[in-house]
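The values are calculated or read from the model by the stated rules, or taken from the named source; none is laboratory data. From a predicted model like this one, the values you see are computed outputs, not experimental measurements. Backbone-built Cβ (ideal geometry, glycine too); neighbour counts: all protein chains shown. For accessibility, only protein heavy atoms count, side chains too; no ligands or nucleic acids. Shrake-Rupley method; radii C 1.70, N 1.55, O 1.52, S 1.80 Å.
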There are 2 protein chains.
Amino acid sequence: MKPAGLVSLVGAGPGHPDYLTQKAVRRLREADLVLHDALVDPGVLAIAERAEWVDVGKRAGRPQISQEAIQRLLIDAGSKGRRVVRLKGGDPFVFGRGGEEALALRQAGIPFEIVPGVSSAIAAPALAGIPLTHRGVASAFVVVTTADKAVSTALIEALPPGLVTIVALMSFGNRAALATQLLDRGWPAQTPAALLLGAATPRQWTWRGALNALAACEPPAESADAPGTIVVGAVASLDLSLVHGELPPIALASSVARE
Amino acid sequence: MKPAGLVSLVGAGPGHPDYLTQKAVRRLREADLVLHDALVDPGVLAIAERAEWVDVGKRAGRPQISQEAIQRLLIDAGSKGRRVVRLKGGDPFVFGRGGEEALALRQAGIPFEIVPGVSSAIAAPALAGIPLTHRGVASAFVVVTTADKAVSTALIEALPPGLVTIVALMSFGNRAALATQLLDRGWPAQTPAALLLGAATPRQWTWRGALNALAACEPPAESADAPGTIVVGAVASLDLSLVHGELPPIALASSVARE
């Protein structure tokens, strides 16, 4: 009988290897197989050099791999005794479908674990100098995606304008609709907003402006399909950016996906 | 003239060194001085062995160090060319007052940087097998603290019961009031809830139950002042706990604070 494998659902953080946790690094070093979604930084690839890397990302212009197929790959590899890392941008339990994968693994009796990561919901604004909470400015935030239109619409309807910071993930393509909903709900046109694409990657692009200008902001083509975070609320006017020039990481080669 | 120092506002994650980022580890290794809040894991202490450690935590039974005094310490050390780590539980920009410290440092012209960390708001539930979002169950969450009573009350009033997952930080002492507010607002008595104390530390203690039992849950004395995360919503009934037995970390000695 083969020894049991281990499937680790690992949060990779926003992109640069600096924001991998020590546990994520250990799991990558030990991995036989890494299933990843997005473009992966060469520094992250280098950590799991001996592993087989499989891109299961769902991106425009690629044949879609279904969630069920990903789960079958995880179960299959785990049942063969392999050390598997399922590498997810940010944190595996924040819009990462990590819960579904964990359930499937548990039902199949495959040993697995969750390795929390640095969520882009928090890190992307932080790296742009925007704190989601700030004394006297905001003491709560919501994390939402316009990909679930029913919930995001109901949430925007319910929230009094300006009460909390709004963080919208996977909502770049819906930024016009999001801005319109907020404006219709009574958020002032001049409410500070920010759009953060590709935080902690070479495709990093940051836009700041008023809520009523969010719809029209246009990133350069190379950043337009990078993971994006939208922040709306008074904190988005803060720019606690770095006096020290080290961040964002500047020594990076461009990201590559090993296909 | 002395060389400029660098003050790094570093998120330590939930407690165990496994959840430090690579950048946090690097900054701890380089540090001359570490200002920390909470009890620090011996594994974290060991990384910054050569540094001076100063506990500036505001905890029951200790003389209070004001936020202004902490900021003066940071500015003073930075202006003397020291490498300083301001170590904060979770992420420095989520209820960490990191924004205030960043502002003070910028105003003083001291080089600084933000090193995002794994927020307990996400990691504490994840380590207990609770995903904050889960397809078909929850697709948004709010992070709030009852320490700001006006905002948390307004938020609970505004949110339709069950629409999003509620994550309350620094709210353990107010759990009875929080539960009452939610029940009064119409959240069903049987809404799943969880209380996660000291996640990823030896004081870890987890309670799960119905919302109407949250007020009465009583942790053991050694966990009662550990950092706590309350989760309310359908996801709290999920238990995607680990088949593999490695987590929570079991090889830890008890936490110590170097005074």
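If I go through the range A:171-182 residue by residue, how many of them are part of a helix (DSSP H, G or I), under 23 Å from B:VAL167 (Cβ atoms) and touching a Ser or Thr at 6+ places or on another chain (Cβ under 6 Å)?
Number satisfying all stated conditions: 1.
Take the residues in the range B:144-179 that are hydroxyl-bearing (Ser, Thr, Tyr) and in contact with a strand residue (DSSP E or B) (Cβ under 7 Å, 6 or more places away or on another chain), then tell me which one is nearest to B:PHE95 (Cα to Cα).
It comes out as B:THR145.
May I ask you to say which residue of A:GLY89, A:GLY81 is open to solvent by 30 Å² or more (accessible area, probe 1.4 Å) and either touching a strand residue (DSSP E or B) at 6+ places or on another chain (Cβ under 8 Å) or in contact (Cβ under 8 Å) with a residue 12 or more places away in the chain (or both)?
A:GLY89
Suppose we filter the range B:112-167 for residues that are of a type in the set (Gly, Ala, Ser) and within 18 Å of A:GLU157 (Cα to Cα); how many remain?
7
Out of (1) assigned to a loop (DSSP other than H, G, I, E, B); (2) touching a Ser or Thr at 6+ places or on another chain (Cβ under 9 Å), the odd one out for A:ALA168 is which?
(1)
One residue is enough: does the range B:42-58 have a residue meeting the conditions in contact (Cβ under 8 Å) with a residue 12 or more places away in the chain, under 28 Å from A:THR165 (Cβ atoms) and at the interface with chain A (Cβ under 10 Å from one of its Cβ atoms)?
No, the range B:42-58 contains no residue that is in contact (Cβ under 8 Å) with a residue 12 or more places away in the chain, under 28 Å from A:THR165 (Cβ atoms) and at the interface with chain A (Cβ under 10 Å from one of its Cβ atoms).
Checking B:ARG26 against (1) modelled with pLDDT under 95; (2) surrounded by fewer than 24 Cβ atoms within 10 Å (Cβ to Cβ): exactly one of these is not met. Which one?
Only one criterion in (1) modelled with pLDDT under 95; (2) surrounded by fewer than 24 Cβ atoms within 10 Å (Cβ to Cβ) is unmet by B:ARG26, namely (1).
Against the definition (at negative phi, more than 7 Å from every other protein chain (Cβ to nearest Cβ), basic (Lys, Arg) and open to solvent by 10 Å² or more (accessible area, probe 1.4 Å)), how does B:ARG175 come out, yes or no?
The answer is yes for B:ARG175.
Starting from the range B:96-108, take each residue that is in contact (Cβ under 8 Å) with a residue 24 or more places away in the chain and list its partners that are among the basic types (Lys, Arg) and surrounded by 19 or more Cβ atoms within 10 Å (Cβ to Cβ), counting only C-beta distances under 6 angstrom and pairs at least six apart or across chains.
B:GLY96/B:LYS88
Hey, could you check the range A:133-144 for residues that are outside any strand (DSSP E or B) and touching a residue at least 60 places away in the same chain (Cβ under 8 Å) and say which is most open to solvent (accessible area, probe 1.4 Å)?
A:VAL137
For residues that are in contact (Cβ under 8 Å) with a residue 24 or more places away in the chain and not polar (S, T, N, Q), scanning just the range B:69-78, find the one that is farthest from the other protein chains (Cβ to nearest Cβ).
That would be B:LEU73.
Return only the number of the condition from (1) modelled with pLDDT of 95 or more; (2) surrounded by 20 or more Cβ atoms within 10 Å (Cβ to Cβ) that A:ALA200 does not satisfy.
For A:ALA200, the failing item is (1).
Among the residues of the range A:97-111, what is the count of those that are at the interface with chain B (Cβ under 8 Å from one of its Cβ atoms) and either of a type in the set (A, V, I, L, M) or surrounded by fewer than 24 Cβ atoms within 10 Å (Cβ to Cβ) (or both)?
Qualifying residue count for the region: 9.
Give me the residue from the range A:225-241 that is open to solvent by 40 Å² or more (accessible area, probe 1.4 Å) and more than 15 Å from A:THR133 (Cα to Cα) and, out of that set, modelled with the lowest pLDDT.
For the range A:225-241, the residue satisfying everything is A:SER241.
I'm checking my understanding of the structure. Among residues of the range B:3-23 that are open to solvent by 10 Å² or more (accessible area, probe 1.4 Å) and out of contact with any Leu (no Cβ under 6 Å at 6 or more places or on another chain), which one is nearest to the other protein chains (Cβ to nearest Cβ)?
This residue is B:ASP18.
Within the range A:139-164, how many residues are more than 8 Å from every other protein chain (Cβ to nearest Cβ) and over 18 Å from the mean Cα position of the chain (by Cα)?
Qualifying residue count for the region: 7.
Got a number for residues in the range A:120-132 being facing another protein chain (nearest Cβ under 7 Å) and either open to solvent by 10 Å² or more (accessible area, probe 1.4 Å) or without any contact (Cβ under 8 Å) to a residue 60 or more places away in the chain (or both)?
Going through the range A:120-132 one residue at a time, the tally reaches 3.
Kindly evaluate B:VAL44 against the criterion of being open to solvent by less than 20 Å² (accessible area, probe 1.4 Å) and not charged (D, E, K, R).
Yes, satisfied.
Under 6 Å between Cβ atoms, at least 6 apart or on separate chains: pull out the pairs that start in the range B:192-206 with a residue that is in contact (Cβ under 8 Å) with a residue 40 or more places away in the chain and end on any residue that is part of a strand (DSSP E or B) and open to solvent by less than 10 Å² (accessible area, probe 1.4 Å).
B:ALA193/B:VAL232; B:ALA194/B:VAL231; B:LEU196/B:THR229; B:THR206/B:LEU196
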